[in-house]
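See below for the structure under consideration.
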Amino acid sequence: MSALPTVWILTRGADDVDTVIIGVYASKIAARADFEYAAGIHADRLTDKWEHSDGEIGCRAELDYIALTPYPVQGQAPRELEAGR
């Protein structure tokens, strides 16, 4: 059986405010322009950036943050995926 696909979720938020989903993408590459735009809003005050071993990337500007995180799709795989098509 093939592994379930992964989606990439772009979020923004602040330590004292709820996280907001900016978008959901089929690949990290598809999310690149929106991630760069969201991070660019805070470019002049960035205080941290990170990249985790699972591929998550993000940056922080004081209390504000932007993150692009991979999530495996949950549920039963379509038969095409199970068959390796």
Single residue of 19, 11 found to be surrounded by fewer than 16 Cβ atoms within 10 Å (Cβ to Cβ) and touching a Ser or Thr at 6+ places or on another chain (Cβ under 9 Å): 19
Of the residues 30, 43, 26, which is more than 14 Å from residue 64 (Cα to Cα) and surrounded by fewer than 12 Cβ atoms within 10 Å (Cβ to Cβ)? 26
Scan region 9-38 residue by residue and report those that are under 24 Å from residue 72 (Cα atoms), not basic (Lys, Arg) and not in a strand (DSSP E or B). 26, 27, 29, 30, 31, 33, 34, 35, 36, 38
So, in region 23-56, how many residues would count as being aliphatic (A, V, I, L, M) and closer than 19 Å to residue 5 by Cβ? 5
Could you tell me how many of the residues in region 59-76 are surrounded by 12 or more Cβ atoms within 10 Å (Cβ to Cβ), of a type outside the set (Lys, Arg) and within 17 Å of residue 17 (Cα to Cα)? 7
Looking at region 4-11, is at least one residue free of Cβ contacts under 8 Å to residues at least 60 places away in the same chain and either over 13 Å from residue 69 (Cα atoms) or under 11 Å from the mean Cα position of the chain (by Cα) (or both)? yes
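All of the numbers you see were taken from the coordinates with simple rules; none came from a lab. Note that this is a predicted model, so its numbers are computed, not measured. With ideal geometry, Cβ positions are generated from the backbone for all residues, glycine too; neighbour counts draw on all protein chains shown.
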